[in-house]
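Taking it in order: structure first as structure tokens, then the write-up.
The values are calculated or read from the model by the stated rules, or taken from the named source; none is laboratory data. Model, not experiment: these values are computed from the prediction. Every residue, glycine as well, gets a Cβ built from its backbone with ideal geometry; the counts of neighbours run over all protein chains shown. Accessible surface areas use protein heavy atoms only, side chains included; no ligands, DNA or RNA. Shrake-Rupley method; radii C 1.70, N 1.55, O 1.52, S 1.80 Å.
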Amino acid sequence: MVSRSYSNLLELASGESPTFENMNRRIPRIMTVAGLISDVDDDPLESVCSDPSSSSVQRERIIIVANQLPIKAQRKQDGNNKNNWFFSWDDNSLLLQLKDGLGDDDIDVIYVGCLKEDVHPNEQDEVSQILLETFKCVPTFLPGDLFTRYYHGFCKQQLWPLFHYMLPLSPDLGGRFNRSLWQAYVSVNKIFADRIMEVINPEDDYVWIHDYHLMVLPTFLRKRFNRVKLGFFLHSPFPSSEIYKTLPIREELLRALLNSDLIGFHTFDYARHFLSCCSRMLGLSYESKRGYIGIEYYGRTVSIKILPVGIHMGQLQSVLSLPKTEEKVAELIEQFSDKGKIMLLGVDDMDIFKGISLKLLAMEQLLIQHPEWHGKVVLVQIANPARGKGKDVKEVQSDTKATAKRINDRFGKPGYDPVILIEEPLRFYEKVAYYVVAECCLVTAVRDGMNLIPYEYIISRQGTEKFDKVLGIGSSLKKSMLVVSEFIGCSPSLSGAIRVNPWNIDAVADAVDSALEMADSEKQLRHEKHYKYVSTHDVGYWARSFLQDLERTCSDHVRRRWWGIGFGLSFRVVALDPNFKKLSMEHIVSAYKRTKTRAILLDYDGTLMPQASIDKSPTSNSIKMLNSLCRDENNMVFLVSAKSRKTLAEWFSPCENLGIAAEHGYFLRLKRDAEWETCAPVTDSSWKLIAEPVMKLYTETTDGSTIEDKETALVWCYEDADPDFGSCQAKELLNHLESVLTNEPVTVKSGLNHVEVKPQGVNKGIVAKRLLSAMQGKEMSPDFVLCIGDDRSDEDMFEVITSSGPSMAPRAEVFACTVGRKPSKAKYYLDDATDIVRMVQGLACVSDQIVLC
């Protein structure tokens, strides 16, 4: 079944629900000859702002997107010399195993990706139709030169080496950044997006994108359909921020990934590096809530999933049961075990990161240090064909052959070669046979995203009843040994393996010797532990877990409003409550003019004054604007700030009738000549003698941090410190201060780049209560209330004015306004401090006119 498609973007942009006359229509014809396109089409009509009221919550399908389809394609000629295409499933593809692992007939899966074979443009429409109808696959066709620049260029020469910690320090060490290759990468991602558009129903379908080949695809999909339910899983490592930040397009890739709803990684290390990059380069914060890690990004929570992929148990067990597998096992037993030889096994792709040469050197060191293994131990190294091309692959091949030959020449003898290098491609059942016979499996990659070889080895060693008889072991005596690199994704999940630093040749040799000498009972216990984990955390478990989290993350899409902002690859969406809207100048001016008694509460930093400003003192225009508001006898104007009363009194001395609340409302005065009052019980500051030494300790150990000593509060600021270290120190300081100040009448709170200690019960909300009650006491219940602020401390004011009905006139106009589109208790927003000043200036002009009249 082809799903409904949102093909009429103009209809969607108008806010009308699309109509679907033919639910079973065929996939539309598309332009199949792709060319180089601009980075992102910035036509605003293509960014669809979804209306929650028109959405369905029914889950229909999953669209799985990857660089390659799980399809094998062959071209054959018939008797009339006509070329015919023959297609079949690729059983070794993770994407196909993922679908089988789900095991749910109610889930409809559609694949989008490239074929491994080139298809002539004249045949592409026909091939598309066949693959869609027969396999539910949507092929993406790329011109040869574009594919070369995209895959062999940007993906394999720039992203792949960098993600595996290889910096392009010279032209020979990874590819230097090439803008044209980046453009090809973006162009291909856009072509993938176009193909997805033809089959997606964005209200119902889930989209699951795989790996680094398509990292900017989330931006194209999110731009077209703001509310699309989108997951991304990275199968490669994600490097540390020190490595990643060398990438010229580092922010573009991060922002593109953050257009996903859920981002998956194999290990915590990879996720931690990604989160660190988001913190350091984008200034984003993350936190864990009830076991789920989330990044707050423009009102959306982007969830982080950490779960290594598993193997397809059913497929492997079926291969183990094949007669030809049994025949191969018997052949290998005769070749090795029956002749008193112990097989060590390595199975790796022939690339620079798999550490094959290091493994051979460790084998050589083993034979040098332990001559008792001469003639007994054989390392069988299966070298799978390289997935990439280039000089580095040829160097690895020649180095591997030369090292193997040297070891065999030195330690070999008639009937015994210590290293057997297998370069020709093996069928999967043949590899499984080697797994069954091998006493120990060695995986010494210097960097690898996951690597499922150890998992396959463990399940193969569990074997079958027939293998138990062939190997002469009982069902309770299964054993396996693993020597694995610390730098591969599966290492954390294999706690019974011997973990090694592959660069330490001596340590690897010692680990292999320990594996060979280990008692059988210990090997059995380790095998049981591994088998229990691998058999229960298979590819189906991984896929179901990811999709369940994706569904959970997207569960609130239907009830929120979405706006697209930004251009090009900086595009992102803001997701907010449907009642949250931009404050219209015409609306508030109209309400201002028709009301008689007004209460106005204004935050300062970040509201009337931009946060980025170094000089925080008010401008002459700000003073003039505030005086205009204060001269209007119908107004009660209050400036509410966290700053000290001394600073505020000095800055706003020209404003005679301006009310000021300092230090979050602890100090308050109604006019310039009035006495300062306190809005909370007066307490002594003896607690500072406890808190200040603690803060000084953290200041000394955290470069870039400072202490601000106010009359009633102490603030530890780390705005100029390293973001990760500063955040870490802030959490420690928060716990430390809460511990030592338990019996003191103060509260300890963390905010944006600061930790503050202040008296209990002090917040900006009490200023709003005080102002409204004072006006009510004078029988001046306000019929117009405006409150503007930009951060968490202002939320207390918003809450008070939106819930203080009895303190106001019966039909009071209430405007709680925050700065920027973000989650807030306010019902209105303006984009920035400039908009705030412009709006307040407009109200001041109205007051000037009223005063003149």
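Observations on the model:
- Euclidean distance between Cα centres, the stretch 510-535 to the stretch 333-408, Å: 21
- Label reach from ASP615 (point 7 Å along Cα→C-beta): in the stretch 813-843, amide nitrogens under 20 Å belong to 833-834, 837-838.
- Viscosity 1.306 mPa s, 10 °C: Kirkwood-radius Stokes-Einstein D of the stretch 130-226 over Cα pairs, µm²/s: 107
- Charge dipole of the chain (Cα centre as origin; +1 on each Lys and Arg Cβ, -1 on each Asp and Glu Cβ, all else neutral): 680 debye, rounded to the nearest 20.
- Most to least packed among 621-627, 302-308, 264-270 [average Cβ atoms within 10 Å]: 264-270, 302-308, 621-627
- The calculated pair-distance distribution of the stretch 503-570 uses every alpha carbon pair, bins of 5 angstrom beginning at 0, and gives 3, 11, 9, 9, 10, 11, 9, 8, 7, 6, 6, 6, 2 percent.
- Fraction of antiparallel bridges per DSSP, the chain only, in percent to nearest 5: 35
- Distance between the pseudo-spin-label points of THR683 and ARG559 (7 Å out from Cα toward the beta carbon): 3.7 nm.
- Debye intensity ratio in log₁₀ form over the Cα atoms of the chain, taken at each q of 0.07, 0.09, 0.11 Å⁻¹: -0.70, -1.01, -1.27
- Share of Cα-Cα pairs in the stretch 190-257 lying beyond 13 Å, as whole percent: 67
- The stretch 279-398, relative contact order in percent, only Cα pairs under 8 angstrom and at least six apart counted: 20
- Hydrodynamic radius (Kirkwood) for the stretch 677-739, which is based on Cα pairs only, to one decimal in Å: 12.6
- As a ratio to 2.2 N^0.38 Å, the alpha-carbon radius of gyration for the stretch 282-347 is 2.23.
- Linear extension gain, GLN548 paired with LYS72, 0.36 nm per residue minus alpha-carbon span: 168.4 nm
- Alpha-carbon Rg/Rh ratio, for the stretch 638-688, with Rh computed the Kirkwood way: 1.00
- The ASP724 and ILE690 beta-carbon pair, evaluated with R₀ = 35 Å, returns a calculated FRET efficiency of approximately 0.80.
- The chain - percent relative contact order, Cα under 8 Å, separation 6 or more: 10
- Stretch gain in nm, segment GLU395-ASP673, where the contour uses 0.36 nm per residue and the Cα spacing is subtracted: 91.8 nm
- Summarised as an ellipsoid, the stretch 588-737 has semi-axes of 35, 19, 13 Å, derived from the eigenvalues of the Cα gyration tensor scaled by 5 and square-rooted, with the largest first.
- Under-5 Å amide H pairs with ILE342, H placed in peptide plane, nonlocal only: VAL377, VAL378
- Entry for the stretch 332-410 at q = 0.19 Å⁻¹: log10 I(q)/I(0) = -0.85, Debye formula applied to identical alpha-carbon scatterers, no solvent contribution.
- Sequence-distant lysines (8 or more away, or on other chains) whose Cα lies within less than 30 Å of LYS136: LYS72, LYS76, LYS82, LYS99, LYS116, LYS156, LYS190, LYS223, LYS229, LYS305
- Our compactness index for the stretch 257-389, the C-alpha radius of gyration over the empirical 2.2 N^0.38 Å, is 1.64.
- Spin-label zone in the stretch 775-817 - amide nitrogen under 17 Å from a point set 7 Å from the Cα of LYS749 along the C-beta vector: 788-802
- Cross-link partners for LYS616 among the lysines, with Cα-Cα distance under 23 Å and sequence neighbours closer than 8 places in the same chain left out: LYS624, LYS643, LYS646, LYS671, LYS710, LYS758, LYS764.
- Across all directions, the average projected area of the convex hull around the alpha carbons of the stretch 604-651 is 3.6 nm².
- Förster-model FRET efficiency, 51 Å R0, LEU852 and LEU697, C-beta, rounded to 0.05: 0.30
- Where a label projected 7 Å from the Cα of ARG406 along Cα→Cβ would reach, residues of the stretch 353-383 with amide N under 12 Å: 357-358, 360-362, 364-365
- At least 15 Å along the helix axis (C-alpha) and Kyte average at least -1.0, DSSP helices within the chain: 124-135, 179-197, 268-282, 356-369, 505-517, 539-553, 620-631, 688-701, 723-740, 764-777, 833-852
- Volume per residue that the Cα convex hull of the stretch 488-622 spans, once the total is divided by residue count, Å³: 308
- With the gyration tensor restricted to C-alpha atoms of the stretch 450-553, the semi-axes of the equivalent ellipsoid amount to 27, 22, 10 Å, longest first.
- Cα centroid separation, the stretch 218-294 to the stretch 79-155: 28 Å.
- Distance between modelled label sites at ASP100 and GLU465, nm, 7 Å Cα→Cβ extension: 2.3
- Distance between the pseudo-spin-label points of LYS341 and ASP709 (7 Å out from Cα toward the beta carbon): 7.9 nm.
- Across the stretch 376-465, Cα-Cα pairs farther apart than 16 Å form 64% of the total.
- A straight line joining the Cα centroids of the stretch 670-737 and the stretch 566-639 runs 28 Å.
- The Rg/Rh ratio for the stretch 722-832, using Cα coordinates for both the radius of gyration and the Kirkwood hydrodynamic radius, is 1.09.
- Accessible surface of the chain, 1.4 Å probe, proportion on carbon and sulfur as whole %: 49
- Solvent-accessible heavy-atom area per residue, rounded to whole Å², over the stretch 245-396 at 1.4 Å: 39
- When peptides 228-237, 688-697, 495-504 are sorted by average Cβ neighbour count within 10 Å, with the highest value leading, the order is 228-237, 495-504, 688-697.
- Each peptide among 832-839, 212-219, 110-117 gets the average number of other Cβ atoms lying within 10 Å of its residues, and from highest to lowest they stand as 212-219, 110-117, 832-839.
- Segment ASP506-MET281, extension gain: residue separation times 0.36 nm, minus the distance between their alpha carbons: 77.0 nm
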